[in-house]
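Taking it in order: structure first as structure tokens, then the write-up.
The values are calculated or read from the model by the stated rules, or taken from the named source; none is laboratory data. All values reported here derive from a predicted model rather than from experimental measurement. Cβ placement follows ideal geometry from the backbone for every residue including glycine, while neighbour counts extend to all protein chains displayed.
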Amino acid sequence: MKRLLFAAVCALLVLFNAGRVECRRHGDSGDSARQYKLFVFGDDYADTGNYPLADLSKTTRAWYYPYGSNDKDHGMSASGRFSNGLVLPDFIARILGREESPPAESKRDQDGVDPFGMNFAVGGAGVVDAAVLNLDLNTMFRRLTSGSGSSQSSKRFNKHRLEPCCEVFDRTDYCGRMDDGAAAYSLCSAPDKYFYWDEINPTHAGWKAVVNELEESIKNFL
């Protein structure tokens, strides 16, 4: 496959066999401002609404409360993101001067592609092979949740390093599940102090901390 220059990629293979985020340089406009296209491929970590909305289940839970409950950018409601707020590609997009990830493929206009790119990530998807810059999220996750980090980001999560903010009562349950009208989970009162939102996915604060730690590497590659 022809090697392309990608502006950023986050390979989530090592820790959870997740997907990756890719940003391909679109070219220079002739001035100091570079233009980029961001194409996102992956699973839960990168999905911003591609998984079809259907009745509540473990795979569709990102469309239901309490997901999105702290997401000011989307009306404090679920938007198909597997977190209480924004997720990885949203924060990478901000490094590129955008407010959030390019639109999900499932929401695209029939006329074509958004000028900024597109998000193809779907919860449960696998890994795409490509020639890209790899950012080691496994190491970053461990650094932020080990309790030994010296950065403000790692200190923020010291008290709740591995506890999920949305904690289920039984291993067979999932965050968001209702049992005869009663929640089968409990919610923390301060999600910004937790790295994990559910048993796998980081909180808005968790993803923000990850990208803050990786921002220099991403910018150097750009």
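What to note about this one:
- Restricting 62, 93 to residues that are modelled with pLDDT of 75 or more, outside any loop (DSSP other than H, G, I, E, B), within 14 Å of residue 175 (Cα to Cα) and under 13 Å from the mean Cα position of the chain (by Cα) narrows the list to 62.
- Subset of region 177-220 [hydrophobic (A, V, I, L, M, F, W, C) and either part of a helix (DSSP H, G or I) or buried (at least 17 other Cβ atoms within 10 Å of the Cβ) (or both)]: 183, 188, 195, 197, 205, 207, 209, 210, 211, 214, 218
- Residue check for residue 8: part of a loop (DSSP other than H, G, I, E, B), buried (at least 24 other Cβ atoms within 10 Å of the Cβ), modelled with pLDDT under 80 and touching an Asp or Glu at 6+ places or on another chain (Cβ under 9 Å): no
- Residue in region 162-175 that is under 22 Å from residue 62 (Cβ atoms), surrounded by 15 or more Cβ atoms within 10 Å (Cβ to Cβ) and polar (S, T, N, Q) present: no
- Considering residues of region 175-221 that are of a type in the set (A, V, I, L, M) and in contact with a Leu (Cβ under 8 Å, 6 or more places away or on another chain) only, the residue farthest from residue 55 (Cα to Cα): 218
- Scanning region 25-45 for residues being within 30 Å of residue 179 (Cβ to Cβ) and at pLDDT 80 or above gives a total of 2.
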